[in-house]
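The values are calculated or read from the model by the stated rules, or taken from the named source; none is laboratory data. None of these values were measured; they are calculated from a predicted model. Positions of Cβ are generated from backbone atoms using ideal geometry, with glycine treated the same way; all protein chains shown enter the neighbour counts.
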Amino acid sequence: MHLGRTTLSKFLLQQLRDIADGNDLGALLVDVAAAIKTISAMTAKGALGGYLGDLEQRNGQGELQKKLDVLANDTMIRHCEWGGLLAAMASEENDEALPIPPDCSRGPFLLVFDPLDGSSNTDVNVSVGTIFSVLRHREGASGDTADFLLPGQEQVAAGYAIYGPATMLVLTVGKGTHGFTLDREIGNFILTHPLMRIPADTGEFAINTSNARFWEAPVHRYVAECQAGRSGPRARDFNMRWIASMVAEVHRILVRGGVFLYPRDSKDAAKPGRLRLLYEANPIGLLVEQAGGAASTGRQRLLEVQPTSLHQRVPVILGSRNEVERIERYHVEHDSGTDRPFVSPLFNERSLFRPEALVS
Ligand SMILES: O=P(O)(O)OC[C@H]1O[C@](O)(COP(=O)(O)O)[C@@H](O)[C@@H]1O
Ligand SMILES: [Mg+2]
Ligand SMILES: [Mg+2]
């Protein structure tokens, strides 16, 4: 009945044929997909599963954990640690890298993940997700935290699951970004969105405007111009969305375009941004670039940022290429001062050449 449909395994066999360690990478991605199906089943049960609500504990970053944060984390670890494919794992919910248990064999890859993204949304039944990134492990390295500090352009695979009305898995192995929908009756991910493309232009932006007082000038300029709409310098109306779940924002952008900003702000001097580089920004950045979009800090391509710590935060601006490039230009103009037109002292307020003085 479902013959002829491209399942995830069939797709991976085709895509990974000519990639080094392709069979191992495929097997790892199948393990990740199995974890995702389990998390999907838990999130879908909602209150009936007893999974909602907070735990009375915080993760290493001081964030109050939801029950589902911890359950999703355990699920990812359990499904992926024993396959002989990993040298180590790292997660948003664990301070340090997670070694592979001594009774399991080790493999050539590192897996980094955000087990539940947007978890503040679990109790209100809004889409959440899982984000993951696969890196190649340097031969002979120990598998500790330092091994994970590789720039995003070294990722060999990246993806996310979105637990929405339908559960979807969106992934890349560096050959485009592809979306699969979970067919719950047969338990398979089926290719439904091959070669997703982000349009270069958009009329939709996403930013948490409650942080406006902490933004830098180029972000104020961009948002003000969008809000000014047809009568402003952009001469067109824009719409705004904010779901507070990065996977859901990114999924919308992959399907119909848009730009997402969680920019640098001054809310907390120790944190240059909200989102984490290794398991939020980098995997999403690779997916966006592979779909023809752009991903930036505002001042640098995201995938070129050299990580310095496992839970490092980074400003994130991504989506439709022309908008991201515009925002980058606003940063350049701001940093060089060219967005503030030079006013000659001859024509300043106290000058003889001020218009009123010339008239009188
Ligand atoms: O509280 P805010 O500013 O709306 O933050 C929302 C952002 O935080 C996140 O929820 C962070 O992810 P976690 O839920 O994994 O901590 C992003 O998904 C989202 O973009
Ligand atoms: Mg997250
Ligand atoms: Mg999370």
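Points to keep in mind about this one:
- 3 or more residues under 15 Å from Ile39 (Cα atoms), within 16 Å of ligand 2 (Cβ to nearest atom) and within 16 Å of the chain's Cα centre (by Cα): qualifying strands (runs of 3 or more DSSP E) within segment 62-178: 109-117, 128-136, 155-163
- Residue count for segment 69-121 under the criterion of being in contact (Cβ under 8 Å) with a residue 40 or more places away in the chain, among the aliphatic types (A, V, I, L, M) and within 16 Å of ligand 3 (Cβ to nearest atom): the result is 6.
- Of residues in segment 248-264 being outside any helix (DSSP H, G or I) and not charged (D, E, K, R), the one nearest to Glu204 (Cα to Cα): Gly258
- Any hit, segment 217-224, residues being in contact with a helix residue (DSSP H, G or I) (Cβ under 6 Å, 6 or more places away or on another chain), under 13 Å from Leu287 (Cβ atoms) and not aromatic (Phe, Trp, Tyr): no
- Some residue of segment 121-133 being among the polar types (S, T, N, Q), over 24 Å from Ala44 (Cβ atoms) and surrounded by fewer than 24 Cβ atoms within 10 Å (Cβ to Cβ): no
- Complete set of residues in segment 222-250 that are buried (at least 16 other Cβ atoms within 10 Å of the Cβ), within 16 Å of ligand 1 (Cβ to nearest atom) and within 20 Å of Glu325 (Cα to Cα): Val223, Glu249, Val250
- Every residue from segment 221-247 that is more than 16 Å from ligand 3 (Cβ to nearest atom) and part of a loop (DSSP other than H, G, I, E, B): Gly232, Pro233, Arg234, Ala235, Arg236, Asp237, Phe238, Arg241, Trp242
- Pair list, Cβ under 8 Å, 6 or more apart: segment 169-197 residue at pLDDT below 95, other residue surrounded by 15 or more Cβ atoms within 10 Å (Cβ to Cβ) and part of a strand (DSSP E or B): Arg184/Thr167
- Within segment 331-347, residues that are more than 29 Å from Ile317 (Cα to Cα) and assigned to a helix (DSSP H, G or I) sit with their Cβ atoms under 7 Å from residues that are aromatic (Phe, Trp, Tyr) and at pLDDT below 95, at 6+ positions apart or across chains, in these pairs: Leu346/Phe353; Phe347/Phe353.
- Exclusive hit being touching a strand residue (DSSP E or B) at 6+ places or on another chain (Cβ under 9 Å), among the charged types (D, E, K, R) and under 20 Å from Phe113 (Cβ atoms), set Arg276, Arg252, Arg264: Arg276
- Options Leu64, Leu71, Leu16, Leu28: the member that is in contact with a Leu (Cβ under 9 Å, 6 or more places away or on another chain), over 23 Å from Leu191 (Cβ atoms) and buried (at least 16 other Cβ atoms within 10 Å of the Cβ): Leu71
- Residues that are surrounded by 16 or more Cβ atoms within 10 Å (Cβ to Cβ) and not aromatic (Phe, Trp, Tyr) were ranked within segment 256-270; the one that is nearest to Arg197 (Cα to Cα) is Gly257.
- Condition check for Asp183: farther than 22 Å from Gly285 by Cα and within 16 Å of ligand 1 (Cβ to nearest atom): no
- Residue check for Ile162: modelled with pLDDT of 95 or more, in contact with a Phe, Trp or Tyr (Cβ under 8 Å, 6 or more places away or on another chain) and surrounded by 16 or more Cβ atoms within 10 Å (Cβ to Cβ): no
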